[in-house]
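Here is the structure we will look at.
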Amino acid sequence: MTIETEAHPSRWVTLPGVFQPRSDTWLLADAARREPLPTGARILELCAGPALAGLTAAREHDGQLTTVDVSRRAALCAALNGRLNGVRVRALRGDLFEPVTGERFDLIVANPPYVPGADPPRTGAARAWEAGQDGRVVIDRICAHASARLAPGGVLLVVHSEVCGLETTLSMLRDGGLSAGVATRQRGRLGPLLRSRRRTLEARGLLRPGQATEDVLVLRGQAPR
């Protein structure tokens, strides 16, 4: 597949079973591209899928990209997309920060599962979106450990839906020693998964009665220099 803008990877593949890029992918990619990183920045993409946000940042800053995903196909896909775009990718399979224990990065980007519903399954495509009853199963783990994986002045960018508790996430990042805020946001129609779960989510207070749209945000946390 190809896209028109030079800012994003010009060619990519998405293997069967790997999360397909959506609008939140490009929202994250654009936020990553705008970060004022040093040339050769160490970049980590978690829950990477085809790794398009990490590749965008690596191309912009001539960076060194590491990707992590629980899916073997996603790791292969990230490596292939690196080759297609002239970026050397260290594509690792594993659970969030475990494969990079002891390492620190100038930029960490993540588009984790954030749809409230079932607990994340061990296998299958639903690992890319199911995030527990409140949508926070993976987000909480990223927030709890990100500061230990950031270099001085390093930045975390994470995709987040308004239905998952924005202030809770910002508080967790600050409790971890990061300055935290909203890098960018995009308002759009509720996706099909949220629409299909509307009654349950309204009963839990995660959606307002009759709510038809949601804010999808990229949250930013920065480590002290």
Answer residue from the range 75-126, given it is in a strand (DSSP E or B) and small (Gly, Ala, Ser) and is surrounded by the fewest Cβ atoms within 10 Å (Cβ to Cβ) among those = Ala91
From (1) without any contact (Cβ under 8 Å) to a residue 40 or more places away in the chain; (2) part of a loop (DSSP other than H, G, I, E, B), pick out the condition that doesn't hold for Ala144.
-> (2)
Say we look at the range 126-138 and pick out the residues that are free of Cβ contacts under 8 Å to residues at least 60 places away in the same chain and not small (Gly, Ala, Ser); which of these is nearest to Gly165 (Cα to Cα)?
-> Arg136
Within the set of pairs 6+ apart or on separate chains, which have a first residue in the range 13-33 that is hydrophobic (A, V, I, L, M, F, W, C), a second that is in a helix (DSSP H, G or I) and at pLDDT below 90, and C-beta atoms under 7 Å apart?
-> Phe19/Ala128
Hey, among Thr123, Thr184, Thr168, which residue is touching a residue at least 60 places away in the same chain (Cβ under 8 Å), hydroxyl-bearing (Ser, Thr, Tyr) and either touching a helix residue (DSSP H, G or I) at 6+ places or on another chain (Cβ under 9 Å) or over 24 Å from Ile43 (Cα atoms) (or both)?
-> Thr184
Please determine, by comparing only the residues of the range 127-157 that are touching a Pro at 6+ places or on another chain (Cβ under 9 Å), of a type in the set (Gly, Ala, Ser) and buried (at least 22 other Cβ atoms within 10 Å of the Cβ), which one is farthest from Ser71 (Cα to Cα).
-> Gly135
Please go through the range 147-159 and pick out each residue that is in contact with a Lys or Arg (Cβ under 9 Å, 6 or more places away or on another chain) and either among the polar types (S, T, N, Q) or free of Cβ contacts under 8 Å to residues at least 60 places away in the same chain (or both).
-> Ala148
Mind checking which residues of the range 147-173 are more than 16 Å from Leu96 (Cβ to Cβ) and part of a helix (DSSP H, G or I)?
-> Glu162, Val163, Cys164, Leu166, Glu167, Thr168, Leu170, Ser171
Residue among Thr66, Thr101 that is more than 18 Å from Gln20 (Cβ to Cβ), among the polar types (S, T, N, Q) and within 14 Å of the chain's Cα centre (by Cα) = Thr66
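The values are calculated or read from the model by the stated rules, or taken from the named source; none is laboratory data. What you see is a predicted model; the values in this text were computed from it and never measured. Ideal geometry is used to build each Cβ from the backbone, glycine not excepted, and the neighbour counts take in all protein chains shown.
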